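Chemist: My questions will all concern the structure given below.
The values are calculated or read from the model by the stated rules, or taken from the named source; none is laboratory data. What you are looking at is a predicted structure, and each value in this text was computed from that prediction instead of being measured. As a convention, Cβ positions derive from the backbone with ideal geometry for all residues, glycine included, and neighbour counts pool all protein chains shown.
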Amino acid sequence: MDHAQTNAVYTASADFIAQAHVDAAGYERMYAASVADPEAFWGEQGKRLDWIKPYTKVKNTSFRPGEVSIKWFEDGTLNIAWNCIDRHLATRAKQTAIIWEPDDPNAPAQHISYQELHDQVCRMANVLVSQGVRKGDRVVMYLPMIPEAAYAMLACARIGAIHSVVFAGFSPDALANRINDCQAKVVITADTAPRGGRRTPLKSNTDAALLHCSDRVRCLVVKHTGDQIHWMDGRDVDVKELMRHASPDCPIEEVNAEDPLFILYTSGSTGKPKGVVHTSGGYLTYAAMTHQMTFDYHDGDVFWCTADVGWVTGHSYIVYGPLANGATTLMFEGVPTYPDAGRFWAVCEKHKVNQFYTAPTAIRSLMGLGPEWVEKYDLSSLKLLGSVGEPINPEAWSWYNTHVGKGRCPIVDTFWQTETGGHMITPLPGATPVKPGAASKPFFGVKPVILDPTDGHELHETATEGVLCIADSWPGQMRTLWGDHERFEEAYFSQYKGYYFTGDGCRRDADGYYWVTGRVDDVINVSGHRMGTAEVESALVAHAQVAEAAVVGYPHDIKGQGIYAYVTLMNGVQPTEELRKDLVKWVRTEIGPIASPDVIQWAPGLPKTRSGKIMRRILRKIAENDFGSLGDTTTLADPSVVDDLIANRKNRG
Ligand code: ATP
Ligand code: MG
């Protein structure tokens, strides 16, 4: 890794800055105003939405232990589907709202106009009503990335029902847990989900899940592929059939700004998933504003977020943010490597994508397959690239910048969480010069603080390092955990009193840039030196023969904690003792002797959540030789990799 390059600063071109919504001076001015007087700032921003009864109160929030309460626009009423669809019809009825790109590259894409979106959402809403769904009821969705997923979310919003989308890669057990936790009245699924040319049997998974749920739960089935499925009369309902006969009009339900819009379970990389609750007015204001500002979205642009709607990224940046802004949003059913490693770029070329938003894990996996897959396509429509999900390592950043962005697209590295509803720390492309690997600056209204992890006092120096907390509420913040406000306070407000605790470690540099270093649990203390495991991982991944790496601490007699590294090698590279020594030496020169790994275990695969995040808590257990108690593993993408790691563990003491 070339350190000069890592410390480099990239500024957008003068042309980009000239057309951007916000420039550097604008950011400074608006940010200062947003934190000086949140009432005035958000009172103004709330006007992005159409209100049925306008709010007179803007902010009513408290982070005080024992009485945490978060309310925005609390006396206003509105409808979320109206804001995402109906209000655009006067000017955008024929404009494409959703471009749907199917898994099979030879099947036709769909262009769904705002008018069609309106009609389909109304039909779906009428179907839900016919199945007894009313305001406040919960509807679980377990669907492929198909337009019906967006229709169903917006149909719930239209009638005031609360949706909970469960990623289609989850097991029947995980689905049953979520249906039961939120006591859903209805689950919407599909026959099968094509992904990468294979089919996931969603309906049969749902059948298995429903064995563990109340027999009153109705099962609405979207016949998507036409694959053979088991059918249970009286419980199962053919959604498309009912939609065909339903009216394309459905009145909107008036909801309060603080009525729940959805529940979403976190990805579970640190433990049992939490049922994060988002409400209506504040969430949509925040999703819309961040979508417009962070991606510098302009009318007519085609926006593509590659996340699944099963994650919050899909909620805020495939569905709610873009549609609230009257945008054209792309929804992709497939995977980046099918039919080959050029698929993302083929889709960008085909639909002339302007903003492209993905995760470092996808970039790293494509990077390993070579730049020739990117070079084949015309990516001249791209104006901006985004990253989300974990810190982006410099190798991946520079590959993304060079091969995808051709050095001319600003890259926004957006730090946020399921809990935050939208971006928290992110560059604004026309305003913030970018440093690779830094989420950089707070979004409007966000007050990040860095606390000393030992006693929780606020570290005021500009350049400092500690745990990342947020000092005051913002409209997109989660309101509670479904059915468990106590756990909500306990998880986010008890450790550092008066603050929202993100769970992440963070460094702030002399320019006031924030560098999220990973979970606090992932900070290790080697002979009194604290360091984030991400730094060691970055160094390992920078080695030409390493594809992926995960680093954890384990008890060490002399150093307190030792460094245990799991390393996946590039295709075809042989794991040898010589290479092991070379890697240790490499890390010593990249970071320093203090960071040299004590143990390197070759890992054919790493345990990841279905959203592609490494589950370090499992790797920690294995490194500690305590693999009897791995905890909740229901969100693992491939449980078999764990068995291999246990069998070949290096610490058997
Ligand atoms: P759980 O909360 O169940 O353990 P999770 O935290 O992985 O799951 P998410 O809400 O999907 O669930 O992820 C949020 C976390 O992802 C953040 O707390 C942070 O650790 C990481 N993250 C997201 N974006 C970035 C980014 N741009 N830079 C650094 N870290 C990021
Ligand atoms: Mg989390």
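Chemist: Select from region 397-410 the residues that are touching a strand residue (DSSP E or B) at 6+ places or on another chain (Cβ under 8 Å), without any contact (Cβ under 8 Å) to a residue 60 or more places away in the chain and closer than 23 Å to Ala539 by Cα and write down the one among them that is farthest from ligand 1 (Cβ to nearest atom). Full working, then the answer.
Modeler: Initially, region 397-410 is screened for residues touching a strand residue (DSSP E or B) at 6+ places or on another chain (Cβ under 8 Å), giving 397, 400-401, 404-405, 409-410.
Still in the list and also without any contact (Cβ under 8 Å) to a residue 60 or more places away in the chain: 397, 400, 404-405, 409.
Applying the additional criterion that residues be closer than 23 Å to Ala539 by Cα yields 397, 400, 404.
Values: Trp397: 11, Tyr400: 13, Val404: 17 Å.
Applying the filter and picking the extreme gives Val404.
Chemist: Quick one: is Ala25 closer than 26 Å to Gly405 by Cβ and exposed (fewer than 13 other Cβ atoms within 10 Å of the Cβ)? Quick ask: steps written out before the conclusion?
Modeler: Values: closer than 26 Å to Gly405 by Cβ: yes; exposed (fewer than 13 other Cβ atoms within 10 Å of the Cβ): yes.
Spelling it out, Ala25 is indeed closer than 26 Å to Gly405 by Cβ and exposed (fewer than 13 other Cβ atoms within 10 Å of the Cβ).
Chemist: Hey, among the residues in region 443-453 that are closer than 16 Å to Ser34 by Cβ and part of a loop (DSSP other than H, G, I, E, B), which one's farthest from ligand 2 (Cβ to nearest atom)?
Modeler: For region 443-453, the residue satisfying everything is Phe444.
Chemist: Given (1) more than 32 Å from the chain's Cα centre (by Cα); (2) crowded, with 22+ Cβ neighbours inside 10 Å; (3) not hydrophobic (A, V, I, L, M, F, W, C), identify the lone condition not met by Lys585.
Modeler: Here Lys585 clears every test but (2).
Table: residues versus (1) of a type in the set (D, E, K, R); (2) closer than 13 Å to Val140 by Cβ; (3) in a helix (DSSP H, G or I); (4) under 24 Å from the mean Cα position of the chain (by Cα).
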{"residue": "Asp173", "(1), (2), (3), (4)": "yes, no, yes, yes"}
{"residue": "Arg178", "(1), (2), (3), (4)": "yes, yes, yes, yes"}
{"residue": "Ala184", "(1), (2), (3), (4)": "no, yes, no, yes"}
{"residue": "Ile188", "(1), (2), (3), (4)": "no, yes, no, yes"}
{"residue": "Lys203", "(1), (2), (3), (4)": "yes, no, yes, no"}
{"residue": "Asp207", "(1), (2), (3), (4)": "yes, no, yes, no"}
{"residue": "Cys213", "(1), (2), (3), (4)": "no, yes, no, no"}
{"residue": "Arg216", "(1), (2), (3), (4)": "yes, no, no, no"}
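Chemist: In addition: Which of (1) at pLDDT 90 or above; (2) touching a Lys or Arg at 6+ places or on another chain (Cβ under 6 Å) is the odd one out, the single condition Leu569 does not satisfy?
Modeler: Condition not satisfied by Leu569: (2).
Chemist: Next up: In this structure, does Leu242 turn out to be in a strand (DSSP E or B) and either surrounded by 15 or more Cβ atoms within 10 Å (Cβ to Cβ) or more than 16 Å from ligand 1 (Cβ to nearest atom) (or both)? Don't jump to the end; show me each part of the working.
Modeler: Values: in a strand (DSSP E or B): no; either surrounded by 15 or more Cβ atoms within 10 Å (Cβ to Cβ) or more than 16 Å from ligand 1 (Cβ to nearest atom) (or both): yes.
It is false that Leu242 is in a strand (DSSP E or B) and either surrounded by 15 or more Cβ atoms within 10 Å (Cβ to Cβ) or more than 16 Å from ligand 1 (Cβ to nearest atom) (or both).
Chemist: Looking at region 352-442, what helices (runs of 4 or more DSSP H) fall wholly within it and have at least 3 residues that are at pLDDT below 95, under 18 Å from the mean Cα position of the chain (by Cα) and within 27 Å of Leu264 (Cα to Cα)?
Modeler: Working: elements: 360-367, 372-375, 394-399.
Filter on region 352-442 gives 360-367.
Chemist: Within region 600-633, track down each residue that is surrounded by fewer than 18 Cβ atoms within 10 Å (Cβ to Cβ) and of a type in the set (Val, Ile, Thr).
Modeler: The answer is Thr633, and nothing else.
Chemist: Can you tell me which residue in region 380-431 is surrounded by the fewest Cβ atoms within 10 Å (Cβ to Cβ), limited to those that are hydroxyl-bearing (Ser, Thr, Tyr) and within 16 Å of ligand 2 (Cβ to nearest atom)? Before the answer, list the steps.
Modeler: Restricting attention to region 380-431, the residues satisfying the condition of being hydroxyl-bearing (Ser, Thr, Tyr) are 380-381, 387, 398, 400, 402, 414, 418, 420, 426.
Now drop any that are not within 16 Å of ligand 2 (Cβ to nearest atom), which leaves 414, 418, 420.
Values: Thr414: 23, Thr418: 20, Thr420: 25.
Filtering region 380-431 for residues that are hydroxyl-bearing (Ser, Thr, Tyr) and within 16 Å of ligand 2 (Cβ to nearest atom), the one surrounded by the fewest Cβ atoms within 10 Å (Cβ to Cβ) comes out as Thr418.
Chemist: Would you list the strands (runs of 3 or more DSSP E) that sit entirely within region 496-577 and hold 2 or more residues that are within 16 Å of ligand 2 (Cβ to nearest atom) and either more than 18 Å from Pro360 (Cβ to Cβ) or touching a strand residue (DSSP E or B) at 6+ places or on another chain (Cβ under 7 Å) (or both)? Spell out how you get there, then give the answer.
Modeler: Details: elements: 500-508, 514-519, 523-526, 529-532, 546-556, 560-569.
Once the strands (runs of 3 or more DSSP E) in region 496-577 are filtered for at least 2 residues that are within 16 Å of ligand 2 (Cβ to nearest atom) and either more than 18 Å from Pro360 (Cβ to Cβ) or touching a strand residue (DSSP E or B) at 6+ places or on another chain (Cβ under 7 Å) (or both), what remains is 500-508, 514-519.
Chemist: Do we have Asp413 as free of Cβ contacts under 8 Å to residues at least 40 places away in the same chain, within 15 Å of ligand 1 (Cβ to nearest atom) and charged (D, E, K, R) here? Talk me through it step by step, then tell me what you get.
Modeler: Working: free of Cβ contacts under 8 Å to residues at least 40 places away in the same chain: yes; within 15 Å of ligand 1 (Cβ to nearest atom): yes; charged (D, E, K, R): yes.
Considered against the rule, which asks whether it is free of Cβ contacts under 8 Å to residues at least 40 places away in the same chain, within 15 Å of ligand 1 (Cβ to nearest atom) and charged (D, E, K, R), Asp413 comes out as yes.
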